[in-house]
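What follows is calculated from the coordinates using simple rules that are stated; it is not laboratory data. As the structure is a computational prediction, the values presented were derived from the model and not from experiment. Cβ placement follows ideal geometry from the backbone for every residue including glycine, while neighbour counts extend to all protein chains displayed.
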There are 4 protein chains.
Amino acid sequence: MAKLGFLGLGIMGAAMARNLINAGMDITVWNRDPKKSEPLVELGATLGESPADVAASCDITIAMVSDPHAARAIAFGEHGVIQGLSQGKGYVEMSTIDPETSQEIGEAVRAKDARYLEAPVSGSKKPAEDGTLVILAAGERSLYNEMKEAFDIMGKLTVYLGDIGQGSAMKLVVNMVMGGMMTAFCEGIALAQASGLAAEDLFAVLDAGAISNPMFRLKGPQIEQESFPTAFPLKHMQKDMRLALALAEEHAVPMPTAAAANSSFLRARSLDLGDKDFAAVWQAIKPPKA
Amino acid sequence: MAKLGFLGLGIMGAAMARNLINAGMDITVWNRDPKKSEPLVELGATLGESPADVAASCDITIAMVSDPHAARAIAFGEHGVIQGLSQGKGYVEMSTIDPETSQEIGEAVRAKDARYLEAPVSGSKKPAEDGTLVILAAGERSLYNEMKEAFDIMGKLTVYLGDIGQGSAMKLVVNMVMGGMMTAFCEGIALAQASGLAAEDLFAVLDAGAISNPMFRLKGPQIEQESFPTAFPLKHMQKDMRLALALAEEHAVPMPTAAAANSSFLRARSLDLGDKDFAAVWQAIKPPKA
Amino acid sequence: MAKLGFLGLGIMGAAMARNLINAGMDITVWNRDPKKSEPLVELGATLGESPADVAASCDITIAMVSDPHAARAIAFGEHGVIQGLSQGKGYVEMSTIDPETSQEIGEAVRAKDARYLEAPVSGSKKPAEDGTLVILAAGERSLYNEMKEAFDIMGKLTVYLGDIGQGSAMKLVVNMVMGGMMTAFCEGIALAQASGLAAEDLFAVLDAGAISNPMFRLKGPQIEQESFPTAFPLKHMQKDMRLALALAEEHAVPMPTAAAANSSFLRARSLDLGDKDFAAVWQAIKPPKA
Amino acid sequence: MAKLGFLGLGIMGAAMARNLINAGMDITVWNRDPKKSEPLVELGATLGESPADVAASCDITIAMVSDPHAARAIAFGEHGVIQGLSQGKGYVEMSTIDPETSQEIGEAVRAKDARYLEAPVSGSKKPAEDGTLVILAAGERSLYNEMKEAFDIMGKLTVYLGDIGQGSAMKLVVNMVMGGMMTAFCEGIALAQASGLAAEDLFAVLDAGAISNPMFRLKGPQIEQESFPTAFPLKHMQKDMRLALALAEEHAVPMPTAAAANSSFLRARSLDLGDKDFAAVWQAIKPPKA
């Protein structure tokens, strides 16, 4: 069985690594803040010294960090992954990054005769814990095949989307649709409340119809109670909306609904809600008197 | 058992009346274009001569027409419902209309010592045929109680929302959320295609995640094939978006996502797509070269 | 010389009536709150008892009130203008109203064999005081000719635009463009400040370029100092944006920029800024920390 | 008198260089496509061999190219400006670029002990020809002082805005406001036409009021005739809107009007109008039937 490295043990990464360890895989972990490695080492993981060290000592190394900046740092920084890679090894970037960053990392990986796969995920804390993520893979097909077993542990659906950049692009599309749905949902709740309708009745009606979906079921009551335990941080959603709009700009695709939704997420960020769950965009949408 | 009148036999009304007849109810039908009454009379319905005649000869009369203008015409016009109402009779307005129109009709009904209930529905052609509509009732409680059996035949969920206007308001909220979801979805498909991703892969990924919903499943393939069999006409969706925005204006609730979505539905109307299904907003969103 | 009636002595009406009196015209005034009539009576105006009385005793009666609702009340209410009109008399509606309301008033006027002209104005407090309004006339051409002298006292440009409704429509177009410019301007100020640029430098640069205009010169410093003396109330601008969007809907013209701007004016209304100058939309646009 | 280099002889650069030559300055020119240098050499300019050669042979070198990508190429490319700079020389970047790119160029310039000034301009073809640009300078103050004479030949207003990045930021703010004004203007023209109003009447009314400005006067008739001679290419306006939105994102400033306007410019780009004047956004705004 391949020896797997896992870099980045935040909300998502820790849960994903735990599932791999619990499935009996041989995992070496590393995190910038070493405290977060401890619980996984207790579960049986090996502790790596640096990204370069993990990449050098494992067959395939997975990274799961918060944004393109962090992804570049872990790949290209001092003692970074690129330094540790060598012929035949694999690097699997599961962070949500823009296609351009993924291209650059991919080129650096290939320059070491190593193989690169991007595999961003759709799904936040709960699906990461439950092993029900959706995994959006693109890049080196042979590496995809070798990773399939691990992907099936971490997720419930894995799709192979072709060239590098396609996984990231799919992720951005999905999150952009999700962001637009969330602002439309919050506007609906605001209008319902302003019209004297109970939010519960709105949730029941929505759930009985054609747009019934798990996100409304989960987030509706949280919004009503204005309690926003962070599953997917608002600042990451806003970043993904921005990256999706930037990708659309490249292809001259106008996305007015997404642009309006993004303005609301930005307003929420300006209200210092970036670290709350993305449903906290509610605070930027509800009328002051509500 | 109460004798029921049914006015308006368009896509929705015909399906709803058919379900009532098939359930063994005593139904009198009327439609502006009398040809549409024929199939229902063949099923066992009685043919009414005018809205006034139906209202006079039935205990409770239901109306299901396309917009506030038509609802006013059928209520207040020559040989309209109001002329046929008398003490104790009931009038159930199931058309999607603005709260103000519903108030006016309700006042006219009560002025005849009759009872009024508004009960707009959420759901389009298929749920109307399948008897799985969501029914949003408000107004006279006693009439609601008497209608409950018929509502349960036409729908799978009926909620009683309080004063007149609340049913219409809930309907507008739900359709506004649906409209925003549809434009976000179409923008996502456009971005996916422009990025070289297959629409099928997008649909699979969306369906595996937190925003999985029946509308995406049904409309996605229709959008991909640019085939738009009319379940809910685009012009009616645009009207509902407009009414929702107007309701929000009254309460000073800004809804930027809905406003952007409405602009796309308007663009679609300007492309002569008003009679197509509302998913045809795709034609106004996709980039010219796609 | 014709005897002129003047109904509605708010910020705008009082200034316009004063100019007519100062020019030596024979003016009869009326206002719902009679206190506002006093300064004009002191200047030489006759005091009317009711809209009907003014319309009956003058050759031509002008109305200048705040919205379609008030315009309907003054025309159709008890002791309203319509009751006082008779053959050959003229009624000049200078309030900003929607085309439909203007049509209805015009029809009622013509039903009394009287003549109707709508003549909404572009320009707020200062141009009203200075007699430099822009007057947008439409309707009965003979009445326009008779009013030309009075229009030239109140305004610096008068255009005759054709059928009833065209004056109102032009007014809405102009105010919609103005509203969009104001929100774009405020967004620019917000971005400048957030980027560490002085608002004064921005104003100097804008004033030296192709988009230099009196509104930016006047409102810029007010916005910088967050002092908003009411020249054109924000709630009226928001109403005009709404009416313009509704007119656009009728013609299936999508106006995404106007829709986004309207959302900001609505947000400002929800912050209780409706009675401030429309430049107070700044408060709804500036980031919380600015 | 200082020897000046001028790199980039497109619409803007050629006009600016010509004014410097005509004022008797000693100018060395270079352009990627050497044909564009010829008319200026005929006017008396010296022909440079490469950006590095110009920078090495002149005291101060000015660059005026189309976007950040071109600005980086001319600075950092083979035979680029950086290679030619040495102690005490000056580099003046007049292209419209994002603050980050300007920072990077500035750092590279300072690493050669040379001085850097960014000085993007507001104004397009005509002001460039007439020497009435607005020049937005930031960076090394001593270099600003030495450039003042040349700036006064090219422009009618020069402001010094502080640290590197502030000139670019001001430019983006101004163009963003201009872009929002243009889409609001086009929406107004579309609504006027759909309402049966003549565009000429709208232009006259706008020009008599508080938002009268040179851009509406110049572009209005062009839009009406759908003739778009390129003064400021639409693709550059869209790029500036994008950069302004990106700058706003950094500072968490929501700009919904700008976001909506940008969607229209993007739609215009998708209609292959990128090389037309930015007023051609009209084609993306007007209703299909107009």
Worksheet item: Based on the Kirkwood radius over alpha-carbon pairs, what is the Stokes-Einstein translational diffusion coefficient of the range B:4-163 at 10 °C with 1.306 mPa s viscosity, in µm²/s?
Response: 106
Item to complete: Mind scanning A:Lys171/D:Lys171; D:Lys148/D:Lys239; D:Lys126/D:Lys148; D:Lys3/D:Lys276; B:Lys112/B:Lys148 and naming the pairs with a C-alpha gap bigger than 25 Å?
Response: A:Lys171/D:Lys171; D:Lys148/D:Lys239; D:Lys3/D:Lys276
Discussion item. Given a Förster distance of 60 Å, report the FRET efficiency between D:Lys148 and A:Glu38 from their Cβ-Cβ distance, rounded to the nearest 0.05.
Written reply: 0.45
Fill in: Residue-averaged [θ]222 nm for chain C, counting only DSSP H segments that reach four residues, each worth -39500 (n - 2.57)
-16500 deg cm²/dmol
Worksheet item: Using the beta-carbon distance between B:Ser57 and C:Glu49 and R0 = 56 Å, what value does 1/(1 + (r/R0)^6) give for FRET efficiency, to the nearest 0.05?
Response: 0.60
Practice prompt. Give me the number: length gained by fully extending D:Asp26 to D:Asp130, i.e. 0.36 nm times residue separation minus the C-alpha to C-alpha distance, one decimal in nm.
Written response: 35.5 nm
Worksheet entry | Within chain D, percent of DSSP bridges classed antiparallel, to nearest 5 | 20
Fill in: Rough spin-label spacing in nm, given labels placed 7 Å along Cα→Cβ, for D:His79 and B:Gln87
10.3
Worksheet item: If you project the alpha carbons of the protein assembly as shown onto their three principal axes, what span does each projection cover, largest first, in Å?
Response: 89, 78, 46
Response to the item:
Across the alpha-carbon set of the range C:111-157, Rg over Rh with Rh taken as the Kirkwood radius works out to 1.04
Discussion item. Based only on Cα atoms, what mean projected area does the convex hull of the range C:178-254 have, in nm²?
Written reply: 6.2
Response to the item:
If A:Ser50, B:Ser168, C:Ser86 are placed from fewest to most neighbouring beta carbons inside 10 Å, the sequence is C:Ser86, A:Ser50, B:Ser168
Worksheet item: Going by how many other beta carbons lie within 10 Å of each one, how would you line up D:Leu202, D:Leu172, fewest first?
Response: D:Leu202, D:Leu172
Worksheet entry | Total charge dipole magnitude, the range B:147-287, about the Cα centre, Cβ charges on Lys, Arg, Asp, Glu only, Debye to nearest 20 | 200
Discussion item. I'd like the distance between the alpha-carbon centres of the range B:4-62 and the range D:225-243, rounded to an integer number of Å.
Written reply: 58
Worksheet item: DSSP H helices in chain B with Cα extent of 20 Å or more along the helix axis and mean Kyte-Doolittle hydropathy at least -1.0?
Response: B:166-194, B:234-250, B:256-270
Worksheet item: Amide H to amide H under 5 Å from C:Gly80: which residues, 5+ apart in sequence or cross-chain, H placed 1.01 Å off N in plane?
Response: C:Ala52
Discussion item. Under a Cβ-only charge scheme (Lys and Arg +1, Asp and Glu -1), can you give me the dipole magnitude of chain C about the Cα centre, in debye to the nearest 20?
Written reply: 360
Discussion item. With the alpha-carbon atoms as the only input, what is the per residue convex hull volume for chain C in Å³?
Written reply: 132
